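Below is one structure, written out as structure tokens, with a few remarks after it.
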Amino acid sequence: MKVRKAIFPVAGLGTRFLPATKSSPKEMLPLIDKPLVQYVVEEAVAAGIEQIIFVTGRTKRSIEDHFDSSPELESHLEEKGKEETLQAMREISDLVDIYYVRQKKALGLGHAILCARDFIGNEPFAVLLGDDIIDAPDNPCLRQLLGVYEHYKGSVLALEQVPMEQISSYGCVAVNRITDRVMEVTDMVEKPKQSEAPSDLAIIGRYVLTPAIFPILEQQQPGRGGEIQLTDAIKRLSQDEAVYGCLFEGLRHDCGDKLGFLKATVDLALKRDEFKEDFTAYLKQRLGCL
């Protein structure tokens, strides 16, 4: 069955970016001239996703407003003759069909996925986390995962090799390699100590999951941090059906981290024609002063 739907869990509090996120969602932090979440929605659309559901919480209303039409703004832009900007605003509201559901309690990523069960139904689906920006314009990360799903007919996790001293910040997997970039997942550990990690392969914020995950999530007991961990549920799923990993091609920016956010801003700005020359000259000047 074709993967048509995607879940965007965006109910988190974004505490690492306080005070900027006290009243504004982390997902709406501007990366140059677009909010973080728009980059990820555009990736989903480029991969063929037709419907998205945002699992939201309090203070997240601006996400809904961003992807909605804005007649007053559009009328103002039209009156001013700003046709290019007007077209860009209309394209945002026309990107994809979007729905919303509230996660009333912060019970973890697994619980957020469960909140969208009625929307997904008995279909395979994608999950995209809004603070992982993956620069892979020729073949979007989610499209790479969908290729693995379509070939092997099982759930797929995006994987990245990370330094072992950072592995305790991620879900980590043990695998049997099938190809250089595709592997079958044999075990998973959520945020292991470096000495207990089965590999340097970390789970990154892109998933393709079968609907068999939902009854597991319903029965899943809270794990690390007192939350319902998606990693724990996928580990149980792997006992009943094959789960695969895809070592994706592309550059990931961890925009849930302040340094990662700064790096993403520089890297993406240097790819923009209107900034590249002047911004490069500015960086050389600043670095020469250090």
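A short reminder: the numbers here are calculations on the coordinates, not readings from a lab. What you see is a predicted model, and the numbers here were worked out from it, not measured in a lab. Glycine also receives a Cβ, built like all others from the backbone with ideal geometry; neighbour counts cover every protein chain displayed.
For SER169 and TYR282, the difference between the fully extended length at 0.36 nm per residue and the C-alpha to C-alpha distance is 37.3 nm. Listed by chain and number, the aspartates and glutamates whose C-alpha is less than 17 Å from the C-alpha of LYS82, apart from same-chain residues fewer than 8 away, are ASP33, GLU72, GLU74, GLU91. Applying the Karplus relation 6.51 cos²θ - 1.76 cosθ + 1.60 with θ = phi - 60° to segment 250-257 yields 3J(HN,Hα) values of x, 9, 8, 10, 7, 8, x, 10 Hz, where x marks Gly and Pro.
A Gaussian network model of the chain, with springs between Cα atoms under 10 Å, assigns the largest mean-square fluctuation among GLU43, GLU241, GLU79 to GLU79.
Placing dummy labels 7 Å off each Cα toward the beta-carbon, the span from ARG177 to LYS104 is 4.9 nm. Residue by residue, segment 138-143 carries 3J(HN,Hα) couplings of 7, 8, x, 3, 5, 4 Hz when phi is fed to the Karplus relation 6.51 cos²θ - 1.76 cosθ + 1.60 (θ = phi - 60°); x denotes Gly or Pro. Counting every alpha-carbon pair across segment 31-126, the share separated by more than 20 Å comes to 47%.
In a fully extended conformation the segment linking ASP257 and ILE32 would gain 79.4 nm over its present Cα-Cα distance, using 0.36 nm per residue. On alpha carbon coordinates alone, what is the Rg over Rh value for segment 133-290, Rh being the Kirkwood radius? Rg/Rh for segment 133-290 comes to 1.06. In the chain, the alpha-carbon atoms span a convex hull of 159 Å³ per residue.
Full extension of the chain segment joining CYS289 with GLU42 gains 85.1 nm, where the gain is 0.36 nm per residue of separation less the Cα-Cα distance. Across segment 166-178, rounded Karplus estimates of 3J(HN,Hα) from the backbone phi angles (6.51 cos²θ - 1.76 cosθ + 1.60, θ = phi - 60°) give 9, 5, 5, 8, 10, x, 10, 10, 9, 9, 10, 6, 9 Hz, Gly and Pro being marked x. The convex hull of the Cα atoms of segment 122-174, projected and averaged over all directions, covers 5.2 nm². Under the convention that each Lys and Arg Cβ holds +1 and each Asp and Glu Cβ holds -1, the size of the dipole of the chain around its Cα centre is about 960 debye. Here's how it looks for VAL175: its modeled amide H is under 5 Å from those of THR186, which are all 5 or more places away or on a different chain. Could you work out [θ]222 nm for the chain from helices alone, using -39500 (n - 2.57) per DSSP H run of at least four and dividing by all its residues? Round to the nearest 500 deg cm²/dmol. Rounded to the nearest 500, the figure is -10500 deg cm²/dmol. Considering the zone a paramagnetic label at GLU64 would reach in this model (a point 7 Å from Cα along the Cα-to-Cβ line), which residues of segment 88-102 have amide N under 11 Å from it? Counting only backbone N, you get 99-102.
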